[in-house]
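To start, the structure under review is shown below, and the notes come after it.
The values are calculated or read from the model by the stated rules, or taken from the named source; none is laboratory data. These numbers come from a predicted model, not from an experiment. Every residue, glycine among them, receives a Cβ derived from its backbone with ideal geometry; neighbour counts consider all protein chains shown.
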Amino acid sequence: MGVNWEYQPHKYGVMSKHTILLVDDDPDIREFLSFNLVKEGFKVETAKNGLEGVEMCKKFKPDLVLLDVMMPGMDGMEACEAIRATPEIAHTVIAFLSARGEDYSQVAGFESGGDDYITKPIRPKVLVSRIKALLRRNAKSEEGESNIIERGDLRIDLEKYQVHQGEGILDMPRKEFELLQLLASKPGKVFSRDTIMDRVWGTEVVVGGRTIDVHIRKIREKIGDDRIKTIKGVGYKFEE
């Protein structure tokens, strides 16, 4: 069972409205990170493995999930994919926590639907900063213009975070959606790789160089290869 770390307003000041679900098989890490997150005003729920984490995500619908990668049974990648495949929690912000910092591990994390990949060990203040940055970007996405982008047979619903193609709805994780939304917002405009990284992932998130390419490939597999053009040495553009 998860541990509910109750916030103490008389001790720590103004309470955050955000709930964090921390999923890690190491009880010492759960206790250490939970203490520091609660101290910053977050409400924290914990789970000790991926399967339990998915169930608790359905139950508590947290604002953000911190997900360890290497866990027995269902690992973090599998748990992320399970969350993304569950409609009521599919757009939950997910950040991986892992001692593995290799590029291929980060790419796998983003391919499974993660929003960020944080390498252990990390100082609590830095972790809190990364969490706040992710939550700020998520809030901006949810509070942005509630309208529709229509490009040919594609219909991008900014309010519902859905992409319709013809009569169907495409399965598109958050970062794929945000990348497609950015490119489709101005057809014909070339977005540099730096601009894409800044607008979709943010300057506070460090990701591997192949991250954009991986997401572009996955979007093309869903909407067709002819919509997004590669401008060699520069970036990408969307063509109607």
For segment 54-69, the count of residues that are of a type outside the set (Lys, Arg) and farther than 13 Å from Phe96 by Cα equals 7
Residues in segment 130-149: is at least one under 17 Å from Phe96 (Cβ atoms), surrounded by 13 or more Cβ atoms within 10 Å (Cβ to Cβ) and modelled with pLDDT of 90 or more?
yes
Within segment 110-129, take every residue that is of a type in the set (S, T, N, Q) and either touching a residue at least 40 places away in the same chain (Cβ under 8 Å) or surrounded by fewer than 20 Cβ atoms within 10 Å (Cβ to Cβ) (or both) and give me the one that is nearest to Met77 (Cα to Cα).
Thr119
Being more than 16 Å from the chain's Cα centre (by Cα), more than 18 Å from Gly113 (Cα to Cα), loosely packed, with under 15 Cβ neighbours inside 10 Å and charged (D, E, K, R): is that true of Lys186 here?
yes
Does Val107 count as under 14 Å from the mean Cα position of the chain (by Cα), at pLDDT below 85 and surrounded by 15 or more Cβ atoms within 10 Å (Cβ to Cβ)?
yes
Which of the residues spanning segment 33-50 are surrounded by fewer than 18 Cβ atoms within 10 Å (Cβ to Cβ) and either free of Cβ contacts under 8 Å to residues at least 60 places away in the same chain or within 21 Å of the chain's Cα centre (by Cα) (or both)?
Phe35, Lys39, Gly41
Condition first: of a type in the set (D, E, K, R) and outside any helix (DSSP H, G or I). Now tell me which residues in segment 146-202 satisfy that.
Glu150, Arg151, Asp153, Arg155, Asp157, Glu159, Lys160, Glu167, Asp171, Lys186, Lys189
Subset of segment 92-104 [assigned to a loop (DSSP other than H, G, I, E, B) and at pLDDT 85 or above]
Thr92
Could we say that Val93 is touching a residue at least 24 places away in the same chain (Cβ under 8 Å) and closer than 25 Å to Glu159 by Cβ here?
yes
Go through Glu167, Glu176, Glu221 for me and flag whichever is touching a residue at least 24 places away in the same chain (Cβ under 8 Å), of a type outside the set (A, V, I, L, M, F, W, C) and either under 24 Å from Asn138 (Cβ atoms) or surrounded by fewer than 20 Cβ atoms within 10 Å (Cβ to Cβ) (or both).
Glu176
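Residues checked against (1) in contact with a Cys (Cβ under 8 Å, 6 or more places away or on another chain); (2) closer than 24 Å to Ile219 by Cα; (3) modelled with pLDDT of 90 or more:
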| residue | (1), (2), (3) |
| --- | --- |
| Gly76 | no, yes, yes |
| Pro87 | no, yes, no |
| Gly113 | yes, yes, no |
| Tyr117 | no, yes, no |
| Lys120 | no, no, no |
| Arg123 | no, no, no |
| Leu127 | no, no, yes |
